[in-house]
């Protein structure tokens, strides 16, 4: 906990390097996408590292062929390219055939802020969660990203990991991520459910809410699929109000997952969904500015919740 | 050799008869492309080209065959049933509650990949060929593509990849029947010069008559001796609807179903003298 966090990508790739060094059947394919910590992977494990070029459809199909031959395959590119460009290959070659290939999507949400709407990743949760057999992992800190390298290696089916940029301090004492979600903070007035690195803003939101005498639960859903419905329902049924906060599009993301969970289980609890709107973002600026534009900064989220709850 | 070729011809006739019955029973299915690829499929499975064990479909030293033009799976089903991968009774339940659907899936013994959407099989077969190279396994990865499938950009992504990685254990066969669903390929969107395109992508290209067992067997014998480090594509010139004259080269028979007199006529031409039920 006291250690200085490292970049989320480095945490993941360093662990994957260790795994691949001990297992020659681990193969890494990249669609010409790099990372600082991939340099030594490429150098030391050159037979396990293949740059396929910017050809994501082929990357997925080749990954499937390798996996059908007993390899544990990781494929890597920026979120929209590795999830949407090759969506049908993911559907048929990975999800339908239910084989162990892990998709590493770099930069969920507005991570690629000023690169514009082609690079923003607002629909990935909605897209991938409709595909059966997929596991969707959404790490909220660097330690967890490292843990997900191991988790995906052990999993015998297709996995999608939303890997963010940046250094995020560890939120968990225990490094067991099998439950699918974590309780980060306990309160009795409100439950805030979130996913990914925006939780670090939600922690500030909680401090602001506290000043208004509102004590909030915070639940971090780091495995969006399969959702740990049974345990979540036990917690949610006693909640007075629920707010979901995500950086993704409000259409089909975390808020949709929770609203479906409530509706399917006859839980009539007031729910507020906060996320990015159903539009393309042309604000060419940093991530914080985009968050402010969409009310996803700590102030915006706090005001939204206070306005709703009163 | 002549005897072997006669046996293959008889097997191909039998496969076409099965396909005709399966499709007429189910009242659905892609008969034209199944007939154009029947001879290639028969050569692969009965001509000593593929190594396989029907009683052990996942045998680790088997050759892999991916039928990327999944809509021709109906012809492959007849072959797999005949070889004992599953009961021939399944053929009677084609598209009607059994294990065999309109497009192949991996739940069917002998099927290596789920196909049906075009443009996936070459990449999968390339991945299999690459894994075999990594593991130093002496196996072949063979994939059957439709010519219309070659419109898919993903085919060319995979073609480029396979040549770069010198996957000389990968063989693609293009069922060049010159037709898509609603048009002839050269009228709709020219594929020619198809051989030059594959050559430019770094492949060895062989052109054969896809209905001549002699030519199909010969080209695979040549490939066994070939020391080239390139992947190979065999462009098999075929006739859509081959074997039944009123179906041959007719756009209507991509997925039409023969009934009544047409069914009797087709049976007669395939020397299958069953009565129309």
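P(r) tail, chain A: Cα-Cα pairs separated by more than 35 Å, 17% of all pairs. Look at the stretch B:112-125: the mean tally of other chain Cβ atoms within 10 Å of its residues' Cβ atoms is 6. Put the Cα centre of region A:284-310 next to the Cα centre of region B:52-122 and the gap is 54 Å.
Between region A:39-99 and region B:1-38, the alpha-carbon centres lie 37 Å apart. Over the Cα atoms of region B:1-82, the radius of gyration divided by the Kirkwood radius equals 0.98; this is the Rg/Rh ratio. Computed packing ranks the peptides B:217-224, B:27-34, A:22-29 as B:27-34, A:22-29, B:217-224, most packed first, by mean other Cβ atoms within 10 Å. Quote the relative contact order of region A:1-126 in percent (integer), defining contacts as alpha-carbon pairs under 8 Å separated by 6+ residues. Taking the mean separation of contacting Cα pairs over the length of region A:1-126, I get 21 percent.
Here the sum of -39500 (n - 2.57) over DSSP H runs of 4 or more residues, divided by the residues of the protein assembly as shown, equals -11500 deg cm²/dmol at 222 nm, to the nearest 500. Against chain B, whose longest principal axis is taken from its Cα atoms, helix B:73-83 shows a tilt of about 90°. Taking the C-alpha atoms only, the angle from helix A:8-22 to the longest principal axis of chain A is near 40 degrees. Kirkwood radius and radius of gyration were both taken over the C-alpha atoms of region A:8-163, and their ratio Rg/Rh is 0.92. Over region A:181-309, the ratio between the Cα radius of gyration and 2.2 N^0.38 Å evaluates to 1.01.
Using Cα atoms only, what is the angle between the long axis of helix B:213-225 and the major principal axis of chain B, expressed in degrees (0 to 90) to the nearest 10? The angle comes out at about 20 degrees. Cα convex hull, the protein assembly as shown: 171 Å³ per residue, rounded to a whole number. Measuring nothing but how far apart in sequence close Cα pairs (under 8 Å, 6+ apart) lie, relative to its length, region B:2-269 scores a relative contact order of 22 percent. Remark: mean inter-chain Cβ contacts per residue of A:97-110 equal 1, using a 10 Å Cβ-Cβ cutoff to other protein chain atoms. The alpha carbon centroids of region A:138-157 and region B:139-210 are separated by 39 Å. The relative contact order of chain A, computed from alpha carbon pairs under 8 Å that lie at least 6 residues apart in sequence, is 17 percent. Considering the zone a paramagnetic label at residue B:207 would reach in this model (a point 7 Å from Cα along the Cα-to-Cβ line), which residues of region B:170-195 have amide N under 20 Å from it? Within reach of a label on residue B:207: B:172-180, B:184-195.
Against the empirical curve 2.2 N^0.38 Å, the C-alpha radius of gyration of region B:2-269 lands at a ratio of 0.95. By the equivalent-ellipsoid construction on the alpha carbon gyration tensor, region A:79-132 comes out with semi-axes of 22, 10, 9 Å, ordered largest to smallest.
Counting only other chain Cβ atoms within 10 Å of each residue's Cβ, the peptide B:149-157 averages 3.
Throughout, read-outs are computed from the coordinates displayed, never taken from laboratory work. This structure is a prediction, so every number in the text was calculated from the model and none was measured. In this analysis, Cβ positions are derived from the backbone assuming ideal geometry, glycine residues included, and neighbour counts consider all displayed protein chains.
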